[in-house]
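First up is the structure itself, then whatever we jot down about it.
Only the coordinates and a few stated rules stand behind these numbers; no lab work does. Everything numeric in this text was worked out from a predicted model, so none of it was measured. Methodologically, a virtual Cβ is constructed for each residue, glycine included, from the backbone with ideal geometry; neighbour enumeration extends over all protein chains shown.
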Amino acid sequence: MSVKTENTDKVVEEALRQISHIATLPEVTLKIIELVEDPSSTAQDLHNVIQNDPALCSRVLKVVNSSFYGLPGQIASINRAIVLLGLNAVKNIAISASVNKLFRGGELASGFSGRNLWTHSITTAASAKLVAEQLKIGMSDEIFLSGLMHDIGMMVELQFDRHRFIEVIGEVGVNGEGVPSKDMREVERAIFEADHETFGAGICKKWKFPKSLMQVAGHHHEPLALPPDERRLASVVYVAERIAHGVDPSNFRIDLPDVEISSDVLDEIKLSKDAVEKVKEDLSEQLDDVMALMY
């Protein structure tokens, strides 16, 4: 659980204030979020917002024509793409394209680079979408974005105080197999007075993301600490993150000293061990396509 000191909230507020010039979503992305959250909005409204952003239009067409979505034929019309994908999916594409820019840069210390974390985030997102499909809960777009954003708090720490973040990475340490020697959240609390879950929930609130995404960013390590009616999404991402490591043992895990999946969390979302194995198989088959989509 993210343990707060008296100073935690102040630390998070100061971090978000200092990095506001960096951690600000582009205007077009903010407009898309606002539009999609308005129940009266239509596909045409969304088309009007993104039609003048060639890079975003290109990414939307790339996604709609990918094998990951499995839609028939080649779609060349942005309007048609929006209708087929749905407004929420297009919103998530815009957010992921914007957030991707924060994850650039070379290795900061042994066991950490922005690219490592982005690859891990994509793998977790794809895994979470597959878990959602197994559970038939019909929130695959929101769950994909939740997986993509779950560790965003680490990037807040990096942008806020690069030297302290590098100190955290060094203190946690990883062995030759990438296994951390200490619990990253405990080290973060000692050095920052807050951990990446708390920073992550803070940036999600700043960006006016849904409460469910804030809860994933803030509780993906211990989802059962949430109230019973608010645990599902964070539990799905908890499971998905560990499945991601099972599919690719080299996958970034500096904040995961233990990658065993809690039976209590599996019981919480009613996911069988057979279903976990099916997700692993499907993720192995789809991962290259997802990576090509998100880079």
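Numerical summary
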item	result
Computed over segment 159-295: relative contact order in percent, which uses C-alpha pairs under 8 Å that are six or more apart	21 percent
Cα gyration tensor shape for segment 40-92, rounded if a/c is under 1.5, else prolate or oblate	prolate
Average projection area in nm² (convex hull over Cα atoms of segment 187-237, one quarter of hull surface)	3.6 nm²
Length-normalised contact order for the chain - Cα pairs under 8 Å, 6+ apart - percent	22 percent
Given charges at beta-carbon only (K, R positive; D, E negative), |dipole| of the chain in Debye	860 debye
Top of Asp183, Asp38, Asp282 by mean-square fluctuation, Gaussian network on the chain, Cα under 10 Å	Asp38
Whole-Å semi-axes of the ellipsoid equivalent to segment 143-232 (Cα gyration tensor, √5λ, descending)	24, 15, 12
Gap separating the Cα centres of segment 65-117 and segment 148-222, nearest whole Å	22 Å
Dipole magnitude of segment 181-240 about its Cα centre (Cβ charges: Lys, Arg +1; Asp, Glu -1), debye to nearest 20	300 debye
Cα-Cα P(r), segment 189-295, percent of pairs per 5 Å interval	2, 11, 19, 20, 21, 17, 8, 2, 0
Prolate/oblate/rounded call for segment 71-228, Cα gyration tensor, a/c under 1.5 rounded	prolate
Sorted by Cβ neighbour density within 10 Å, fewest at the top, the residues Trp207, Trp118	Trp207, Trp118
Helix runs (DSSP H) in the chain reaching 30 Å along axis by Cα, Kyte-Doolittle at least -0.5	114-135
Segment 1-133: projected area of the alpha-carbon convex hull, averaged over directions, in nm²	11.3 nm²
Principal semi-axes in Å for segment 96-174 [√(5λ), Cα gyration tensor, largest first]	28, 13, 10
GNM flexibility winner over the chain from Asn100, Asn116, Asn48 (Cα, springs under 10 Å)	Asn48
At 1.002 mPa s and 20 °C, Stokes D of the chain from Kirkwood alpha-carbon radius, µm² per second	110 µm²/s
Other-chain or far-sequence residues with amide H under 5 Å of Asp161's (modelled H)	none
Residue of Ser40, Ser127, Ser284 that the Gaussian network model of the chain assigns the largest fluctuation, springs spanning Cα pairs under 10 Å	Ser40
Unit charges at the beta carbon, dipole of the chain: most positive-side option, Asn48, Met214, Leu30	Asn48
Fewest-first sequence of Asp288, Asp195, Asp229 by Cβ atoms within 10 Å of each Cβ	Asp229, Asp288, Asp195
Positive-end residue of Met139, Met184, Val168, charge dipole of segment 126-212 with Cβ unit charges	Met139
